[in-house]
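Inspection log for the structure reproduced underneath, given as structure tokens.
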Amino acid sequence: MVVFAFTGCEDFLDSENLVQKNTSNYPKNAKEIEELLTGIYSVLPSVHAQQSTFFVSELMSDDRLGGGAAVDRSWAALDNLKKINDNMLNLLWQKMYYGIYRANLLLEVIDDITDFGSENQKNTIKAEAHFLRAYFYFELARSFGAVPLSIDTKDENLPRAAVEEVYGQIAADFKYAIETLPNETFQQSVDRSGHATKWAAQGMMARVYLFYTGYYKKESLPLTGGSEITSQQVINWLDDCIKNSGHGLLPSFASLWPYGNKATAPDYKYAADNGIEWIGEEGANYETVFAIKYSAMADFGTSIYYSNQPVLYFSIREQPNGYLDIFPFGQGWGGGPVATNMINDWKTLEPNDPRREASVLDVENPAEGLTNYVWGASMQIQETGLWQKKYTAINAYDTDANGNTMAVNYSVKLYGRTSSYQIDNTQDQFVIRFADILLMMAELKKDHTYIDQVRSRIGLPSVGSYTEDALRNERRWELAFEGVRYYDLMRWGIAGEALNKQNGVQVKNNGVDAVMNYGDLNARYQSTGGFLPIPQTQIDLSGGVLTQTPGWGSDAIY
């Protein structure tokens, strides 16, 4: 009998004491199976922000610097492909395996439950559990390479599995989800918001296929049982998604981001000048194929992760004159300043791209309407004056008890949230947008017309013909700061050389001019394969059965 406590993941099991739940008494009916599924989903946002794959991969990419203050050593370490201690990513590792364990448990017991309202309800839950297990394993595999593989709840001390086994299981789970989840077009249903769909599974399968075949230089994706997933199969699935899902591109790229919300946009010069209206997160955004959901219900207890913590960490550090001077941008920890080499590339290669201003705040751009941005505030380091606008705190005007104007997070105005900058960011995080579906199809088919669809939305001309450079540039600009760039560099085999281009970037450290000097990032990348160190705690718990990622032990190159 396994006793399990859902630590740190919301009180989704009603009022019963969680530590009393065990496999002899839970789950015992369809309602509790639904609760267990919710418990699996709750892992998605629960990883500490600075150990989430979104935050980590963004700092490791060539488009962002570490940022923060000098005390934020782990961010600088990630930016430099180094570590500050042997367990700096332990929570990332633990949380992914929490999710996997919960998915395994649900799949082991669901066939014993007999009171489902329909067979479709049961099958959908099973398919979502398969989807989530595959998602967690893919996050682990992209982060650490080969990892231990467990598809049951047995207490076993497992070594790293072969890469082919891990990806074979990921592919099998996503395939199950594709073939089992309902064949329903996109619906604006709030109660199903955030749930995996057939279309999300198709998109994730394409992402897995491209990463595995690209990084490991293979022609196909292995499938548990000895068969394989071919390029044509993935193309067929994406074609189904494009034609039948009901997903599509929104008319306006800028409408994807919260700075266009109705409480902010009329007072934000860039949004007002361009007529930007945020599509919101209540079901109207048909471009969202899969997203991690957040809410206005966060507190400083066990539910802090109801709020979008990566947004907090990516937002501008405290300004001495408050946030009216940089309205509508709100307070955070200053992680991930945009690298000037990225913007220079963008201006050179796509000088008329409106996505640049829609995605990046240049504090010296008059079109933004900032009145007094202070450099070096709160000891900010690696500051370029460039901040991404997709995932950052956004404020709206309000008045205090004395009638004075102040700035509060838009969630205060729209959702009744109590103002508290550390927990009032409610923005959902895109995992896959329809634009990514089109660009993956372009890459698989070597067909520029899918790239042109993405460009047409923002008024840019056709690329003329398919080239690797055209595809790679389009992904860089369209999906900037959305957690995909570093993995794209890995699978394209160009990460090391791209990262080295950050050497020489001009920055300010605590207001003082400086130049970024990383040394030979390419050498460090090649020694590690781009993967992260497994936490030493996990290696110790295994008694040495689990081995360290190459390049992170005594063989490390610094």
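The values are calculated or read from the model by the stated rules, or taken from the named source; none is laboratory data. This one's a predicted model, so the numbers in the text were calculated from it and none came from an experiment. Using ideal geometry, Cβ is built from the backbone for each residue, glycine included, and neighbour counts are taken over all protein chains shown. Surface accessibility is based on the protein's heavy atoms, side chains included, excluding ligands, DNA and RNA. Shrake-Rupley method; radii C 1.70, N 1.55, O 1.52, S 1.80 Å.
Hey, rough spin-label estimate for Met379 and Lys269, points 7 angstrom out along Cα→Cβ, what's it come to in nanometres?
3.2 nm
Which of Gly464, Leu532, Ser295 sits farthest toward the positive end of the charge dipole of the chain, with +1 on the Cβ of Lys and Arg and -1 on the Cβ of Asp and Glu?
Highest projection toward the positive end goes to Gly464.
Taking a 1.4 Å probe, which of Lys82, Lys262, Lys501 shows the most accessible area, and what order do the others take after it?
So the residues, ranked largest to smallest area, are Lys262, Lys501, Lys82.
Averaged per residue, what accessible surface does the stretch 151-288 expose to a 1.4 Å probe, in Å²?
Counting only protein heavy atoms, the per-residue value for the stretch 151-288 is 44 Å².
Given axes a ≥ b ≥ c from the Cα gyration tensor, I'd like to know whether the stretch 89-191 is rounded (a/c under 1.5), prolate (a/b larger than b/c) or oblate.
The shape class here is prolate.
Scan around Val289 for amide H atoms under 5 Å from its own, H built in the peptide plane at 1.01 Å from N, and keep only partners 5 or more places away or cross-chain.
Under 5 Å from the amide H of Val289: Ile432, Arg433, Phe434.
Name all residues of the stretch 314-335 having a backbone nitrogen under 12 Å from the label point set 7 Å from the Cα of Asn372 along its Cα→Cβ direction, giving them as ranges.
320-326
Which FRET efficiency value, to the nearest 0.05, is calculated for Glu364 and Asp398 with the Förster distance at 25 angstrom and r the Cβ-Cβ distance?
With R0 = 25 Å, the Cβ-Cβ based efficiency is 0.35.
State, as an integer percentage, the relative contact order of the chain based on alpha-carbon contacts under 8 Å between residues 6 or more apart.
For the chain, the relative contact order is 18 percent.
Would you kindly state how much longer the chain becomes between Ala284 and Asn85 on full extension, computed as 0.36 nm times their sequence separation minus their alpha carbon distance, in nm to one decimal?
Gain on extension, Ala284 to Asn85, equals 67.2 nm.
Express the carbon and sulfur contribution to the solvent-accessible surface of the chain as a percent, rounded to the nearest whole number, probe 1.4 angstrom.
Answer for the chain: carbon and sulfur cover 48 percent of the accessible area.
Calculate one ³J(HN,Hα) per residue across the stretch 390-400 by plugging θ = phi - 60° into the Karplus curve 6.51 cos²θ - 1.76 cosθ + 1.60, and present them in order as whole Hz with x for glycine and proline.
6, 10, 8, 4, 10, 9, 10, 6, 8, 10, 7
Could you give the length gained by full extension between Glu228 and Ser554, i.e. 0.36 nm per residue of separation minus their alpha carbon distance, to one decimal place?
Going from the current span to full extension adds 113.7 nm.
Over every pair of different alpha-carbon atoms in the stretch 330-409, take the mean of 1/r and invert it; report that Kirkwood radius in Å.
For the stretch 330-409, inverting the mean 1/r across all distinct Cα pairs yields 14.4 Å.
Could you put Ser46, Ser252 in order of accessible surface area, largest first, with the 1.4 Å probe and the full protein assembly present?
Ser252, Ser46
Keeping all protein chains in the complex and leaving out DNA, RNA and ligands, what accessible area do you get for Val412 with a 1.4 Å probe, in Å² to the nearest 10?
That residue has around 30 Å² of solvent-accessible surface.
Add -39500 (n - 2.57) for each DSSP H run of 4 or more in the chain, then divide by its residues: what number comes out at 222 nm, to the nearest 500 deg cm²/dmol?
-11500 deg cm²/dmol
With every protein chain left in place and a probe of 1.4 Å, what is the accessible surface of Glu184, to the nearest 10 Å²?
My reading of the accessible area for Glu184 is about 100 Å².
Once the Cβ-Cβ distance between Asn123 and Ser542 is put in as r, and R0 is 41 Å, what FRET efficiency do you end up with, to the nearest 0.05?
0.70
Based on the Cα gyration tensor of the stretch 175-222, what are the three equivalent ellipsoid semi-axes, each the root of five times an eigenvalue, rounded to whole Å and given largest first?
27, 11, 7
Rounded, prolate or oblate: which fits the chain, taking a ≥ b ≥ c as square roots of the Cα gyration tensor eigenvalues, rounded meaning a/c under 1.5, else prolate when a/b beats b/c?
rounded
Hey, if we sort Thr302, Thr197 by accessible area with the 1.4 Å probe, largest down, what's the order?
Output order, biggest surface exposure first: Thr302, Thr197.
Under the rule of at least 5 residues apart or a separate chain, name every residue whose amide H is placed under 5 Å from the amide H of Val360.
Amide H neighbours of Val360, under 5 Å, 5+ apart: Lys389.
Using the beta-carbon distance between Ala70 and Asn344 and R0 = 25 Å, what value does 1/(1 + (r/R0)^6) give for FRET efficiency, to the nearest 0.05?
After rounding, the FRET efficiency stands at 0.45.
Suppose the chain between Asp513 and Thr185 were pulled fully straight at 0.36 nm per residue; how much longer would it get relative to their current alpha carbon spacing?
Additional length available on full extension: 112.8 nm.
So if I take the centroid of the Cα atoms in the stretch 451-491 and the same for the stretch 185-244, what is the distance between those two points in Å?
19 Å
If ligands, DNA and RNA are left out, what is the accessible area of Tyr41 with a 1.4 Å probe, given in Å² to the nearest 10?
We get 30 Å² for Tyr41.
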